[in-house]
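**Student:** Dropping the structure in here first, questions after.
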């Protein structure tokens, strides 16, 4: 009987750039652009400062830390760059898996790609494999693992990173199976940080990417892992979801249907589940020139899993908190590292107390209804019946988003345009070092912001 590891490894080993549908190639490049763009705009965070300090302690090597330019080991680069890509909370999101694939997969691809002198086509194929497997492994199972206190990105992410790295290193099917097994063994990540509003999330992403690289090296060296590591009674799914034997949907249509196409890009640096309420509050505030001091009450109706996500309905400031993010949108009329890091802003805290979040069974994921009641009786309301597909941006839309972040990046516009152009034509890149070289900005200093994750 074939195992999940065997089927996944077979898919990955057979996948090639030439085999990929054009829409998948373009999607992967768009996600890469988004991940790097929000990463460049996340450099001025306290979590990045800490990651740089820790990453550089792991020793020198031939993999590059974004922006900083230091050469460290591939595992260290995967860690630091994973933190960088996740430190703004504006990364990509696969909603059915509650996972942010790019913050784990992209750093592993860049780190291993540098040491393997991979081409742009190699990177595209490896990213496609990693995204597809990361999305499939987490799809719908996230509902079970989240209830048990596990966060999807660091739990399902290491396997996705291992698939990406294994492909770039041309591992055999058996070695790839071993790498997947070690990724399952190295999976970890708890959700208490969403309640306490501490900074584990970016570090979880960095560690998941690093663990994916380590799992790949173990597989490459021939370190065996259990054949039924995913479906076995005491395997991955048994431990994280208590559904060890019901894994059929993971493989359904594998190689024919690409679920990665459902991965979307966040327009705002807040949690995926609060993107729509935040956008609605922002538009209502601007369109009607709402004075937050005159707001009497706000009611937000949301898709139940999003309304009940740990920390989503709390009076503690946090980026997955609908109350906090909508209050920031109303008070500051913009969502930036600066406005979101002002966690003690009295007007924001006051408005949070007037906001009620209600789980509505009639609303689908990424939809919401929002009602603002003013002190003098006027009411502003808006219903947004959206789906994750509404946030699946085209390459040009994501390029415009990246351009809009240039003021926060404090980086040369001309260089950003060069990065956009190179990623748009990544298949023409003969060596990934060409891209890495323009992602380094000597002399860029960190002025840390502390975001309330």
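**Student:** State whether one or more residues within the stretch 407-418 are over 20 Å from the mean Cα position of the chain (by Cα), surrounded by 15 or more Cβ atoms within 10 Å (Cβ to Cβ) and touching a residue at least 60 places away in the same chain (Cβ under 8 Å).
**Tutor:** So far as the stretch 407-418 goes, yes, one or more of its residues are over 20 Å from the mean Cα position of the chain (by Cα), surrounded by 15 or more Cβ atoms within 10 Å (Cβ to Cβ) and touching a residue at least 60 places away in the same chain (Cβ under 8 Å).
**Student:** Checking the condition at negative phi and either surrounded by 24 or more Cβ atoms within 10 Å (Cβ to Cβ) or in contact with a strand residue (DSSP E or B) (Cβ under 7 Å, 6 or more places away or on another chain) (or both), which residue from 45, 3 passes?
**Tutor:** Result of the check over 45, 3: 45.
**Student:** Restricting the search to the stretch 99-121, which residues are in a helix (DSSP H, G or I) and surrounded by fewer than 24 Cβ atoms within 10 Å (Cβ to Cβ)? Show your work before the answer.
**Tutor:** So in the stretch 99-121, the residues in a helix (DSSP H, G or I) come out as 102-116, 120-121.
Correct list: 114, 115, 116, 120, 121.
**Student:** Could you grab me the full set of residues in the stretch 412-451 that are modelled with pLDDT of 95 or more and not in a helix (DSSP H, G or I)?
**Tutor:** First pass over the stretch 412-451, keeping only residues modelled with pLDDT of 95 or more: 412-441.
Hits for the stretch 412-451 are 412, 425, 429, 430, 431, 432, 438, 439, 440, 441.
**Student:** Is it the case, given these coordinates, that residue 324 is closer than 24 Å to residue 139 by Cα, crowded, with 20+ Cβ neighbours inside 10 Å, touching a helix residue (DSSP H, G or I) at 6+ places or on another chain (Cβ under 7 Å) and in the same structural domain as residue 355 (by TED's automatic domain parsing)?
**Tutor:** Numbers: closer than 24 Å to residue 139 by Cα: no; crowded, with 20+ Cβ neighbours inside 10 Å: yes; touching a helix residue (DSSP H, G or I) at 6+ places or on another chain (Cβ under 7 Å): yes; in the same structural domain as residue 355 (by TED's automatic domain parsing): yes.
Against the criterion (closer than 24 Å to residue 139 by Cα, crowded, with 20+ Cβ neighbours inside 10 Å, touching a helix residue (DSSP H, G or I) at 6+ places or on another chain (Cβ under 7 Å) and in the same structural domain as residue 355 (by TED's automatic domain parsing)), residue 324 does not qualify.
**Student:** Further question on the same structure: Pick out the one residue from 335, 254, 315 that is surrounded by fewer than 19 Cβ atoms within 10 Å (Cβ to Cβ), modelled with pLDDT of 95 or more, part of a loop (DSSP other than H, G, I, E, B) and touching a helix residue (DSSP H, G or I) at 6+ places or on another chain (Cβ under 8 Å). Reasoning before the result, please.
**Tutor:** Details: 335 fails: surrounded by fewer than 19 Cβ atoms within 10 Å (Cβ to Cβ); 315 fails: modelled with pLDDT of 95 or more.
One residue alone meets the criteria, 254.
**Student:** Scan the stretch 284-312 for residues that are in contact with a strand residue (DSSP E or B) (Cβ under 7 Å, 6 or more places away or on another chain) and part of a helix (DSSP H, G or I) and jot them down.
**Tutor:** Of everything in the stretch 284-312, those that are in contact with a strand residue (DSSP E or B) (Cβ under 7 Å, 6 or more places away or on another chain) and part of a helix (DSSP H, G or I) turn out to be 284, 288, 294, 304, 307.
**Student:** Let me ask another. Could you check how many residues of the stretch 51-64 are without any contact (Cβ under 8 Å) to a residue 60 or more places away in the chain and surrounded by fewer than 24 Cβ atoms within 10 Å (Cβ to Cβ)?
**Tutor:** 9
The values are calculated or read from the model by the stated rules, or taken from the named source; none is laboratory data. Given the structure is predicted, the values throughout are model-derived calculations rather than measurements. With ideal geometry, Cβ positions are generated from the backbone for all residues, glycine too; neighbour counts draw on all protein chains shown.
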